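Following: one structure in C-alpha cells, then a few remarks.
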Amino acid sequence: MARDTAVVILQNGVDNVEAIASIVGSGAVLAGAVYVALQLAGPGVVVRAGGEGRIVFGELSGAMTERVQRVASALEQSRIPHEVSTDITRVLWEKFLFIAGVGGVTALARSGIGPLLASPESRRLLTAACEEITAIAPGEGVPFPADAVDRVIKQAAALPPQWRSSMARDLEEGRQLEVEALSGAVVRRGLKPGVPTPIHRTIAACLSVHQPSASAEPHAPPHSAIQV
C-alpha cells in the first residue's frame, strides 16, 4: 500500500470496516456493499444468476472526497456499475438485515424462500430473525424505520420460490460459512446492551458445527477487499 491507497471493503457483515481499519489504518478504508447474484458453478467458473450487479460505496463520514471520486472514476473506466453513498453505514446495515435475517433462516432451514414464507410458523421465524437485528441497530447508531422488517419480508416474497442465500448454498456444498460475520455478529452486538437474540444464537450454534476445518477448505473466502 502507498500512503494514499484507498482500501474499499466489500465484504458482507458489519464488523469488517473496524477489523480491516485496525490493520491498514482507519484513514485508508472506504466501506461498500456489492449487490449481485452469483453462483460458483465450478473451479474458476462464476455464473451470474440475476441482473447486472452494482457496487455501492462511500466514506463513513458521508463526505464526497477526492479519493471517493478517484475510485468512482476507476469503476467507471472499468464499466462496473456503481453508486456513491453519503450514508454508507445505513447501506451496510440494510443489506445486513436481509442477508443475516432472511439468508440465515434459509440456511438453517435448508429451504428455498417460497416454502418458508408459505408456512405461518417459518414466516414468523423470518420476521423474528429480522426484528432481532432492528432491535440492536439503534445501539449501533443505525435506527431502522418502523416498517423495515415488513419491507424486507416483501423483498423476500418477490424472489423466486427456490431462492436461497449464498450461505445456504455454501452449507450444501461444504464450503466455509459466513455465519460468524452474520448471525454471530448479531449475537455479539446484542450482548453489550442486553438485547436478547435467541433466533440468531440458534442459527450461529447450529451452523457453526458445519464449518469445514481450515485444512479441508478447498476454496478461498468468497468476499474480499479491493485496492485502488
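Numbers below:
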quantity: Accessible area of the chain belonging to carbon and sulfur atoms, whole % at 1.4 Å probe; calculated: 55 percent
quantity: Computed Rg/Rh of segment 93-208, alpha carbon atoms with Kirkwood Rh; calculated: 0.94
quantity: Residues whose placed amide H lies under 5 Å from that of residue 38, excluding near-sequence neighbours; calculated: 49
quantity: Solvent-accessible area per residue for the chain (1.4 angstrom probe, square angstrom); calculated: 52 Å²
quantity: Difference of contour (0.36 nm per residue) and Cα-Cα distance, residue 169 to residue 22; calculated: 49.8 nm
quantity: Cleavage-rule hits (trypsin sites (Lys or Arg not before Pro)) in segment 37-138: DSSP loop, at most 15 neighbouring Cβ within 10 angstrom; calculated: 79, 110
quantity: Rg/Rg_ref, the chain, where Rg_ref = 2.2 N^0.38 Å and atoms are Cα; calculated: 1.02
quantity: Rounded to 5, the percent of DSSP beta bridges in the chain classed as antiparallel; calculated: 65 percent
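The values are calculated or read from the model by the stated rules, or taken from the named source; none is laboratory data. For clarity, every value in this text was computed on a predicted model and none was experimentally measured. Don't worry about glycine lacking a Cβ; one is built from the backbone with ideal geometry, like all the others, and counts go over all protein chains shown. The protein model used for the area step is the full one, side chains on, heavy atoms only, and it has no ligands, DNA or RNA in it. Shrake-Rupley method; radii C 1.70, N 1.55, O 1.52, S 1.80 Å.
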